[in-house]
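The values are calculated or read from the model by the stated rules, or taken from the named source; none is laboratory data. In this text the structure is predicted, and so the values were computed from the model without any measurement. No Cβ is skipped: glycine too gets one built from the backbone with ideal geometry, and neighbour counts run over all protein chains shown. With ligands, DNA and RNA removed, areas are computed over all heavy atoms of the protein, side chains included. Shrake-Rupley method; radii C 1.70, N 1.55, O 1.52, S 1.80 Å.
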Amino acid sequence: MSEQALHSSENFRAGRALGLDHRKVGMWLFIASEVMFFGGLIAAYLHYKYTLGFSESAELDVVLVGINTMVLLTSSFTVVSALSAIRQGRQGRFIVFLLLTILLGVAFLTGQAFEFGALYRHGITLTSSVFGSSFFTLTGFHGLHVTAGVVWAIVTLVRGLRGAFDRERNMGVEIFGLYWHFVDIVWIVLFTQIYLIA
């Protein structure tokens with residue numbers, strides 16, 4: 001074995017010894033890049049908010065979005081429960097909680113679509129004003145991330161039904177959970193900045 005190959009093999013074993021998984025590290029790096037992406041969008045929104053003033057924000061339905069926020073936060077609990085269930089080898093419970101996660105994700109997206117429709121009826125669109133552009137870009141991109149998460153959850157559910165996960169093999173579920181929790185945390189920040197802080 002060459003010296004380079006031996007060095008790579010030693011690094012791999014060291015990573016395994018530290019409990020590191022390349023898939024999990026990859027997800028953390030992806031999340032770090034997404035933090036910077038959303039950080040830029042949020043910074044732009046706040047810049048326009050405090051320099052121009054967003055009078056249109058009075059049209060936002062805080063109660064509806066508050067309920068929608070609780071729906072999304074509840075889905076984090078179901079993701080944690082799904083991961084805990086599969087780690088305990090409780091396949092049926094895992095499937096139920098993952099299915100609940102999908103339903104809650106779809107419910108959140110439905111509520112967001114309802115909110116977007118109401119704003120459009122009030123004349124607030126992507127091109128109507130700086131507020132419209134900033135709001136729909138920021139919340140729309142988050143909605144796309146939730147949509148991607150729902151699709152990922154469906155794929156994970158199908159794989160689970162086919163026996164891809166069990167007490168020992170569940171890294172795929174954990175990585176999905178990391179992504180889903182990130183999406184939820186981003187929404188807490190958005191909800192606070194857009195709907196709660198005037």
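Give the carbon-plus-sulfur fraction of the accessible surface of region 92-198 in %, rounded to a whole number; probe 1.4 Å, heavy atoms of protein chains only. It would help to have the intermediate numbers written out before the result.
Details: 3420 of 4860 Å².
Using a 1.4 Å probe with all protein chains present, region 92-198 comes out at 70 percent carbon and sulfur.
In nm, to one decimal, how far is the modelled label at PHE141 from the one at ALA164, with both set 7 Å along Cα→Cβ?
About 2.8 nm separates the two model spin labels.
Using alpha-carbon positions, what is the distance between the centroids of region 32-95 and region 128-157, in Å?
Using only Cα atoms to place each centre, the spacing works out to 10 Å.
Taking only Cα atoms, what is the 0 to 90° angle, nearest 10, from helix 62-87's long axis to the longest principal axis of the chain?
The angle comes out near 10 degrees.
Could you list which residues have their amide H under 5 Å from that of ILE124, counting only those 5 or more apart in sequence or on another chain, with H placed in the peptide plane?
Under 5 Å from the amide H of ILE124: no residue qualifies.
Using a basic spin-label model with each label point 7 Å from the Cα along Cα→Cβ, how many nm lie between VAL189 and ALA118?
Reported label-point gap for VAL189 and ALA118 is 2.6 nm.
Lys and Arg at +1, Asp and Glu at -1: add these up for the other residues within a Cβ distance under 14 Å of TYR179 and post the number.
Neighbourhood net charge equals -1.
Roughly how many Å² of TYR120 are accessible to a 1.4 Å probe, to the nearest 10?
120
How large is ³J(HN,Hα) for each residue in region 125-142, as worked out from phi by the Karplus curve 6.51 cos²θ - 1.76 cosθ + 1.60 (θ = phi - 60°), to whole Hz, x for Gly and Pro?
Per-residue couplings from phi come out as 10, 4, 10, 6, 6, 5, 4, x, 4, 5, 5, 5, 5, 5, 6, x, 5, 5 Hz.
Multiplying the sequence separation of PHE30 and ALA43 by 0.36 nm and subtracting their Cα-Cα distance, what value in nm do you get?
Net length gain for the segment: 2.7 nm.
Would you mind getting the accessible area per residue of region 74-198, heavy atoms of the protein chains only, 1.4 Å probe, in Å²?
Working: 5670 Å² over 125 residues.
Averaged over the residues of region 74-198, the accessible area is 45 Å².
Largest first, what is the accessible-area ranking of SER55, SER84 with a 1.4 Å probe?
If we order SER55, SER84 from most to least accessible, we get SER55, SER84.
Summarise the accessible area of region 37-79 (1.4 Å probe, protein heavy atoms) by the percent that is carbon and sulfur.
Summing carbon and sulfur atoms, their accessible area is 71 percent of the total for region 37-79.
Among [x] 0.93; [y] 1.08; [z] 1.03, which one is Rg/Rh (Cα atoms, Kirkwood Rh) computed from these coordinates?
Comparing each candidate, only [y] matches the computed number.
Sort 42-53, 138-149 for me by packing, meaning the mean count of neighbouring Cβ atoms within 10 Å per residue, highest on top.
138-149, 42-53
How much net charge surrounds GLY89 when only other residues with a Cβ under 13 Å from its Cβ are counted (Lys, Arg +1; Asp, Glu -1)?
+3
Which net charge results for the neighbourhood of PHE131, defined as the other residues with beta-carbon distances under 12 angstrom from its beta-carbon, given Lys and Arg at +1 and Asp and Glu at -1?
-1
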